[in-house]
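S.K.: Got a structure for you, written out below as structure tokens; questions coming shortly.
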């Protein structure tokens, strides 16, 4: 059965196994034609339907996502919300630079607290590693903020396994966020087992692979040149055909559970012992409500293994990341 909650690392932070990714809440630099009220509504839909982890970041709308998430939380019991945000993007020179300098991260945390309208963060991630800052020093800055009561759990996002080991030299890291899906299983080979063995949580992003794992596409779909999906390898051959064939094998399981393919895929993640919390995004409240229903689905061992086997081709193929990391 799906675990109801997950403890983040070695902390007392307890999150629901399903969270909400909010890059489409105020992320005007990532998506066109976003509506602020729709973003607030979908965050509140999550909180009203049993989801307690909200995952945002400064770079989602350069602080605007954090502002909207903060507005959406008003009227809810803050102590029952697991609030995660991320920082590392420095625009102070007029161009985007990844910065892990301890002084910069400290300022970023304070700014995020102000935008979110809260006095503590349940999880703070270093969003990307920079090329110069010693990783343990960057984490040390967050540890000081934890000791001051401003952070409960320390996270890393988009760090390689070697960088994780360096950053965790003092044992302060609680959780790692990186890409993982049934189409992108590279991290399952070494990173995810390592984290499990060392009591660090793993939170995958892009779990639905830009919608390819929802069952809504067929072989005739096309994308405009300015659509990001036209640039993602999953939508190119041979990956696209393999993905469609694998998804087709999930349809009978979804029918048996009177569920959507999306709900079955999310249930599989929640039953994966290497995953702590899965954070699909959404653009509309009804998507969040539908996703929340996946928390009530219990896959049998046979169901779980059938899904796992359907995507065997992706276990033996180096997938890489869907989108390139910033420099």
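S.K.: Considering the values (i) -0.67, -0.81; (ii) -0.97, -1.06; (iii) -0.76, -0.88, which represents log10 I(q)/I(0) by the Debye sum over Cα atoms at q = 0.11, 0.12 Å⁻¹ as calculated for the structure under consideration?
M.R.: So the structure-derived entry is (i).
S.K.: Taking the beta-carbon count within 10 Å as an exposure proxy, list 92, 300 from fewest neighbours to most.
M.R.: 92, 300
S.K.: Using the alpha-carbon atoms, what tilt in degrees (0 to 90, nearest 10) does helix 301-310 show relative to the longest principal axis of the chain?
M.R.: Value to nearest ten degrees: 90.
S.K.: Same structure, new question: Roughly how tilted is helix 36-48, in degrees to the nearest 10 and between 0 and 90, from the longest Cα axis of the chain?
M.R.: 80
S.K.: Now, a different point. So how many Å³ per residue does the convex hull of the Cα atoms of the stretch 199-327 work out to?
M.R.: It comes to 147 Å³ per residue, whole-number rounded.
S.K.: Does anything in the stretch 149-173 have its amide N under 19 Å from the 7 Å Cα→Cβ label point of residue 324, and if so which residues?
M.R.: 158-160
S.K.: Sticking with this structure for a sec: Whole angstrom only: what separates the Cα centroid of the stretch 76-149 from the Cα centroid of the stretch 212-231?
M.R.: Between the Cα centres of the stretch 76-149 and the stretch 212-231 lies a distance of 34 Å.
S.K.: Measuring from label point to label point, each 7 Å out along Cα→Cβ, what is the residue 296 to residue 114 span in nm?
M.R.: 4.4
S.K.: Right, here's the next one. Fully extended, how many nm does the chain gain between residue 107 and residue 216 (0.36 nm per residue separation, minus their Cα-Cα distance)?
M.R.: Length difference between fully extended and current span is 35.0 nm.
S.K.: Moving on. Could you check the spin-label model distance between residue 170 and residue 80? Points 7 Å from the Cα along Cα→Cβ, value in nm.
M.R.: Between residue 170 and residue 80, the label points sit 3.6 nm apart.
S.K.: When the helix-only estimate is applied to the chain (DSSP H runs of n ≥ 4, each -39,500 (n - 2.57), divided by the residue count), what is the mean residue ellipticity at 222 nm, nearest 500 deg cm²/dmol?
M.R.: -10000 deg cm²/dmol
S.K.: Can you tell me the orientation of helix 64-73 relative to the chain, as the angle in degrees between its alpha-carbon axis and the longest Cα principal axis, to the nearest 10?
M.R.: The angle comes out at about 80 degrees.
S.K.: I want to check the label-to-label distance for residue 225 and residue 251. Put each point 7 Å from Cα in the C-beta direction and report it in nm to one decimal.
M.R.: 3.4
S.K.: Taking every DSSP beta bridge that has both residues in the chain, what percent is antiparallel when rounded to the nearest 5?
M.R.: Taking every DSSP beta bridge within the chain, about 20 percent pair in antiparallel fashion.
S.K.: With a 10 Å Cβ neighbour count serving as the proxy for reagent exposure, in which order, fewest first, do 86, 74 appear?
M.R.: 74, 86
S.K.: Between 87, 117, 155, where does the largest GNM mean-square fluctuation fall for the chain, given springs only between Cα atoms within less than 10 Å?
M.R.: For the chain, modelled as a Gaussian network with Cα springs under 10 Å, the answer is 117.
S.K.: Could you work out how far the C-alpha centroid of the stretch 1-53 sits from that of the stretch 264-290, in angstrom?
M.R.: Value for the Cα centre distance between the two parts: 10 Å.
Taken together, the values in this text are just the output of simple stated rules run on the coordinates, not laboratory data. Values in this document were obtained by computation on a predicted structure and should not be read as measured data. When we count neighbours, we look across all protein chains shown, and the Cβ atoms used for this are built from the backbone with ideal geometry, even at glycine.
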